Amino acid sequence: MNPEEITRFSAKSPSDLIDLYEQLFPLNRPTPIIRWAFRGQPKTYGSLAPSFQRVFGDRKSIGTALLIESKLIEAFRSHYTNLKERTFNMPQPAAIDSQYDMRCLSVMQHYGVPTRLLDWTSDFWTAVYFACAGDPDADAELWYYDRRVFHDQGRWLPGLETLNNIYPAPREPVILNRRDLSLIFELDPQLTPRMQTQLAHHTVSTTMFADHAQLIFDLFQSTPAIENGFNRIVIAKGCKEKTLKFLDEQGTTASSIFPDVEGLGRFLRWQLDSLLTTLL
């Protein structure tokens, strides 16, 4: 897939983004808030790579990655169970026990551990904020897809339909080690306050080092009933500062997106790396 195939335009000003928002969420007719999923990236990477994938760089050993993933899950689960300062609104250890590896990965990602999960939000302006808040001297990108494509994901593999339920099934489908499959699906457990505030969910792939953009593109190619379901726009670097000022006036800021100090700290570390790259 060439990302230019699905790139609709380049936003030069906040008004371009407002126009897109009104196209996706028309004022004259109700549109379900979960219809669209958005992801903002501060540079035009042209791909969608989870953080765990980026850790490996060019050393893409699937067997090694699966082993490391399982060890991280095991270690996190053990320490989380004995965590004394876990806040009341975080999930109980039973919610991420050995029956729920993907839910465990979701909580791990909350604490900054790289995982194979890719974050999305159903809130357009939250994604725009993430696109504009870093790398001020680089163009950004905003990806979005029609979530209806995943509504029947249970027909691809029994049990996948349960992954979009807040209340879990007795166990998740055993799928993370299924190298014989090449699937992408949604995981929407809403386990943490940050996920709830950001209206966030994940896409997950059975292929450890897959580009989620390619997999989602292929999925829509095989679902012709949903037209124009996967799209990308570029946000010009000159648009970023103006957009952040607009968002600030609308109340979309780091403090509104990150409901806890830990989340804000993660964001500021990311912004520090971005500024160092830009300025030094």
Kindly count the pairs of lysines across the chain whose alpha carbons are less than 19 Å apart, treating pairs on different chains or eight or more residues apart as eligible. 10
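Give, as a single signed number, the net charge of other residues whose beta carbon lies under 12 Å from the beta carbon of residue 116, with Lys and Arg counted +1 and Asp and Glu -1.
Working: positive: 54; negative: 69, 101, 119.
Taking every other residue near residue 116 into account, the sum is -2.
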14 Å beta-carbon shell around residue 105, net charge (K/R +1, D/E -1): -4
Between 0 and 90 degrees, rounded to the nearest ten: what's the tilt of helix 237-250 against the longest Cα principal axis of the chain? 80
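Tell me the relative contact order for the chain as a rounded percent, counting alpha carbon contacts under 8 Å between residues six or more apart.
30
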Taking 0.36 nm per residue of separation between residue 155 and residue 71 and subtracting their Cα-Cα distance, the length gained on full extension comes to 27.2 nm
For region 189-267, convex hull of alpha carbons as volume per residue, Å³: 172
How far apart, in nanometres, would the label points at residue 34 and residue 180 be if each is projected 7 angstrom from Cα along the Cα-to-Cβ direction? 3.2
So if I take the centroid of the Cα atoms in region 186-204 and the same for region 50-93, what is the distance between those two points in Å? 17
Point-to-point label distance, residue 223-residue 253, nm (Cα→Cβ direction, 7 Å offset): 3.7
Count the net charge of all other residues whose Cβ sits under 14 Å from the Cβ of residue 9, scoring Lys and Arg as +1 and Asp and Glu as -1. -3
So what's the angle, to the nearest 10 degrees on a 0 to 90 scale, between helix 261-279 and the longest Cα principal axis of the chain? 50
Honestly region 77-212 on the Cα gyration tensor test (a ≥ b ≥ c root eigenvalues; a/c under 1.5 rounded, otherwise a/b vs b/c for prolate or oblate) is just oblate
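Take peptides 11-21, 192-202 and line them up by average Cβ neighbours within 10 Å, highest first, as a rough protection proxy.
Ranking, from highest mean packing down: 192-202, 11-21.
Highest mean first, how do 227-239, 45-57 rank when packing is the count of other Cβ atoms within 10 Å averaged over residues?
Details: 227-239: 18.1, 45-57: 16.2.
Final packing ranking: 227-239, 45-57.
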Show me, bin by bin at 5 Å from 0, the whole-percent P(r) of the chain based on Cα pairs. 1, 5, 11, 16, 19, 18, 14, 9, 5, 1, 0
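Per-residue ellipticity at 222 nm for the chain, helices alone: DSSP H runs ≥ 4 residues times -39500 (n - 2.57), over residue total, nearest 500 deg cm²/dmol? Walk me through the numbers on the way to the answer.
Details: 10 runs with 108 residues, N = 280.
Result for the chain, helices only: -11500 deg cm²/dmol.
Values in this text are rule-based calculations from the coordinates and carry no lab data. Keep in mind the model is a prediction, meaning the values are calculated, not measured. Here Cβ is always computed from backbone atoms with ideal geometry, including for glycine, and neighbour counts include all displayed protein chains.
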